[in-house]
1. Could you work out the per residue convex hull volume over the alpha carbons of region 194-343, in cubic angstrom?
2. Pull up the cross-link candidates among the aspartates and glutamates for K67, meaning alpha carbon to alpha carbon under 19 Å and not fewer than 8 places away within one chain.
3. Kindly put T111, T140 in sequence by how many other C-beta atoms sit within 10 Å of each C-beta, fewest to most.
4. Normalising by the residue count of the chain, find the relative contact order in percent from Cα pairs under 8 Å and 6+ residues apart.
5. Taking the DSSP beta bridges in region 1-150 as the whole, what percent of them are antiparallel, to the nearest 5?
6. Evaluate E = 1/(1 + (r/R0)^6) for Q130 and V103, where r is the Cβ-Cβ distance and R0 equals 51 Å; express this FRET efficiency to the nearest 0.05.
7. How far is it, in nm, from the label point at T312 to the one at I41 when both lie 7 Å from their Cα along the line to the Cβ?
8. If you stretched the chain out fully between N32 and E272, how much longer would it get, using 0.36 nm times the residue separation minus the C-alpha to C-alpha distance?
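Values in this text are rule-based calculations from the coordinates and carry no lab data. Computed from a prediction, not measured in an experiment: that's the story for all the values here. Here the Cβ positions follow ideal geometry from the backbone for every residue, glycine too, while neighbour counts run over all protein chains shown.
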Amino acid sequence: MKVAVIGGGAAGLMAAYSAAANGNEVTVFEKNSKCGKKIYITGKGRCNVTNLVPAADFLLNVVHNSKFLTSAIYTFSPERLYELLEQSGCRLKTERGNRVFPVSDKASDITKCLQDLCNRYGVNFVFNAQVQKILHNNSTVSGIMVNNDIYRCDKVVVCTGGLSYPATGSTGDGYAFAMEAGHNIIDTSPSLCGMNVRGNYCKQLQGLSLRNVRLSVFYGGKKLSDELGEMLFTHFGVSGPLVLSASARVCRLDLNRVRLCVDLKPGLDEEELDRRILRDFGENANKSVGNCLRLLLPSAIIPEVLSRCKITPEKRVNAVSRGERALLLTTIKNFDILISSLRGYEEAIVTSGGIDVRQIDPKTMQSKLVGGLYFCGEVLDVDAYTGGFNLHIAFATGFAAGNSIRP
């Protein structure tokens, strides 16, 4: 069986290896001059290759269409990927949050390992290959048009990625191929990215990192999530682990109705916080409020907190009224942030949206509309939180496609 794999990233390399291991003649067509360009930048160049949790727990971290991924993740679990890479010579380690990295901390080792596996089974590679069209007759694949030439084959596996990090070659080619074949595309948006914030106060907070805070996400009056961790203020708004997770939850919503709420002191309930403020005020009665609050909050955020309470930083502690203190307490426990937009695809870790999975066989990743046509990885309408989940989805869906192709 002649198989063309479009894209030499995580999904493409896994699809090529698994199809070739079944005895098929496989060729990978990669638009860049080398494979795995996006793999190289994952995990800040270290490659967070997967998250070593049981399949059931893995699926809880999938934001959109986890049910569709059930078969692929149970068949090719994080443990199975771990064993495959280790047995193929790439030593791995597990860090905080069950995140798996190569021992070398070099993403290139993951790409090299996968290419070595492909080479072992005779996979051919064509680089600088611009695939223009997928050819099909009577709803069955017959080949591809690449660099203005026709390549005849029996199966085509599309692993072109989404729209995030377009410099790596992810420019939406797969969506065009899918639409030409009659597939629906669920509207795409950046996900796992920073957020632009309304107002200009973030410029004064730029560089402030908040640790051990609680971030709640509200949509209208409904709380969507509540998570403890870290976040960061930037020149444009907010970023950091908590914000990236929040972006995945709200990327398909009307951002005008989204509100982020930061509890700056989650270790204290309101009564405990009130007692703490009273104690600090009592011990520093003649100091300014701005100076006194440094005992409780990072100095960079104090002016904005006081501004929201309409208290001047120079005001003496002994002049603060009970009502002002109550408002201060509420603001510390509920520091609201309104979102104007998400950052773009250039900064987004993953694309949310893509090919409608209702038109894809979840066990094989084959199109239900065109025989012999498969779609894997980020081009599909599946996405997850950070921590190695999205990269593993690429591996698992690529394996599902390649492994299902038998001579």
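1. About 103 Å³ per residue, rounded to a whole number.
2. Straight-line reach from K67, under 19 Å: D57, D356, D361, E378, D381, D383.
3. T140, T111
4. RCO, the chain: 26 percent.
5. Among the beta bridges of region 1-150, antiparallel pairing accounts for roughly 65 percent.
6. FRET efficiency, Q130 to V103: 0.90.
7. It is 4.9 nm.
8. Going from the current span to full extension adds 80.6 nm.
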